[in-house]
Amino acid sequence: MIMNQPPKRLDGALLVCFAEITDAVKLTGEPTHRRHEQVLSSARALAICQYESENNYYLFYCDGNWSVLTDTWHLNLSEAKHQAEFEYAGITKCWSAVN
């Protein structure tokens with residue numbers, strides 16, 4: 001199922017790029033994300049965002065409605081994309097830039 005386009009901001013951060021988790025993407029199982037001490041299942045989509053007052057990037061793990069489930073912090077865009085590929089093999093070809 002194709003998701004709607006993400007909003008221009010997620011958790012107050014500006015959207016840089018996004019990717020839907022499709023059948024072409026393989027969840028590697030590394031690392032395990034937790035929220036409120038419960039293990040999270042696979043995200044439906046990923047978004048890389050940046051807060052206006054910061055130079056670093058956040059990799060947001062989102063549900064099917066673009067609600068942020070958890071995130072990871074990265075020094076630059078390349079590191080955020082590398083982390084995404086480490087966790088979701090094949091995601092590199094799925095990134096879309098914000099228009």
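The values are calculated or read from the model by the stated rules, or taken from the named source; none is laboratory data. Everything numeric here is computed off the predicted structure, so don't read it as measured data. Ideal geometry is used to build each Cβ from the backbone, glycine not excepted, and the neighbour counts take in all protein chains shown.
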(request) Could you list all residues from the stretch 12-35 that are at pLDDT below 95 and closer than 14 Å to Val68 by Cβ? (result) His33, Arg35
(message) I need the full set of residues from the stretch 41-80 which are assigned to a helix (DSSP H, G or I) and free of Cβ contacts under 8 Å to residues at least 60 places away in the same chain, in order please.
(response) Ser78, Glu79, Ala80
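Of everything in the stretch 81-92, what is within 18 Å of Ala24 (Cβ to Cβ), assigned to a helix (DSSP H, G or I) and not basic (Lys, Arg)? Give them in sequence order. Write out each step before concluding.
Taking the stretch 81-92 first, the residues within 18 Å of Ala24 (Cβ to Cβ) are 81, 84-92.
In the following step, the residues that additionally are assigned to a helix (DSSP H, G or I) were identified as 81, 84-87, 91-92.
Passing the criteria: Ala84, Glu85, Phe86, Glu87, Ile91, Thr92.
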